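Since the structure comes first, as structure tokens, the remarks are kept for the end.
The values are calculated or read from the model by the stated rules, or taken from the named source; none is laboratory data. Note that the coordinates shown come from a computational prediction; the quantities given were computed from them, not determined experimentally. All Cβ positions, glycine included, derive from the backbone under ideal geometry; neighbour counts span all protein chains shown.
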Amino acid sequence: MAETLTAEAQQEKLDFKRILPIFVIILVDLLGLTIIIPLLPLYAASFGADPVVIGALGTAYPLMQFIGAPLLGGLSDRFGRKPILIISQLGTFIGFIILGVANALPIIFLARIVDGLSGANVAVAQAALTDSTTEKTRAQGLGLLGAAFGLGFIIGPIIAFASLAIGGNDYHVPAFVAAGFSLLSVLLTTFWFKETLPADKRNQGEKRNKGSVFSNIFQALRLPVVGLLLVLMFFQQLIFGGFENLIALFTLNRLGINASGNAVIFVFVGVVLVMVQGYFIGKWSRRFGERKLIFAGLALLAAGLILTAITPAQPVPWYSRTVMVEELTQNDSDAAAGEVSVSIPDDGNNGWLGLGWILVAMVPAAIGGGILSPSINSLITKNVGQGDIGATLGVSSALVSAANAVTPIIGGTTFSVLGSTAPFLIGGIVLAVLCGVAIMTLGKRNLAPA
């Protein structure tokens, strides 16, 4: 009896020593990505890209990830996690090197395509984490993975800010710094990470999941509760992803904030995300349940986007149009004096109101975005059979990648045609409508495993 209780206790306790290498490797790998995210739109703008082209650039990475991640994930089931993880990390390293030496927009696109095709880093690491946890500790382990994402969004922009300061606002410098972190992740995986999928457990999924990604998506969408949850997952990522992609252009256009300033804003958002995903979401989920968290997440994200949309157009106190033009045209030899591809404020009327306003708006947006994805996925797992959890979460992940591929094009075009306010205002309204639909549908259903 005592031995049985001891075994059950071990099943409920997360093995941190086994998880630590995966956590650290994920964090280091994410640092490269989060160094680049805050400045990539401005990096492209420095080569003369307008919002539509910047949107297309934002699409390149997730679109290639949608193609490459399932392929590499399947290869990891066949050959093990470690070799595929190393290959994907090497692809990311090469992508950052290409980005660092880029001297034209097509080279930047090539860099994002290479990085996207090898973008199974996180997917394979998630599989390794699943190998290393039990059913009772898996949620806790995946929570730590979410915390690694949040920490990446804090530390990465700080490193971007420091590298820009040291490099005199040369956008090439952070790309090489990101490559350095990517190379470090390769070394950590090679010498520290231990294979989590033994040879005798490989290829066991080949007889299942024979359908294509698209057929699996359509089958999952036909399930009554799960279908709605997957639709919510797609749209919340479509809108929140647009928020993440366009916020740097928005603050440049509305507040005159450059890449360094946007790095600081991303740090602020990252702190909120870490607090939500690393600590509060567990408490909130146990107290309120996933359904109420989904309703709250949709409402908070909608409020944050609408508040962002109406941010007062007031440049920050230190803004100078002349300095900003020099920074944005440093790589565009064809730019005429004083001309930039993105509209920026004139000098005068500088103050703190706009910056203070948008920082306040970031709080509900970050909290809402932070609780939606894990809450939706958690509720999905409770409404499918045990044998379908992995496949259904795979569909959820595919829809997230699809949303990430589409949103930069939609957001960039809306930004360019209708103005900087439109993407955030429209997104907020759509989320408010979806919140009403979710309350009327999920709130009345007796949700139970299929």
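Key figures
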{"item": "Of residues in the range 288-302 being over 12 Å from A432 (Cβ atoms) and touching a residue at least 24 places away in the same chain (Cβ under 8 Å), the one farthest from the chain's Cα centre (by Cα)", "result": "R291"}
{"item": "Matching residues in the range 243-290 - criterion: being of a type in the set (S, T, N, Q) and assigned to a helix (DSSP H, G or I)", "result": "N245, T251, N253, S260, N262, Q277, S285"}
{"item": "Pick from the range 397-443, criterion under 14 Å from the mean Cα position of the chain (by Cα) and among the small types (G, A, S), ranking: modelled with the highest pLDDT", "result": "A403"}
{"item": "Residue within the range 1-23 that is more than 19 Å from I108 (Cα to Cα), at pLDDT 75 or above and surrounded by 24 or more Cβ atoms within 10 Å (Cβ to Cβ) present", "result": "yes"}
{"item": "Within the range 253-271, tally of residues that are crowded, with 22+ Cβ neighbours inside 10 Å and more than 13 Å from L42 (Cβ to Cβ)", "result": "4"}
{"item": "Subset of the range 24-51 [within 16 Å of P106 (Cβ to Cβ) and of a type outside the set (S, T, N, Q)]", "result": "L40, Y43, A44, A45, F47, G48, A49, D50"}
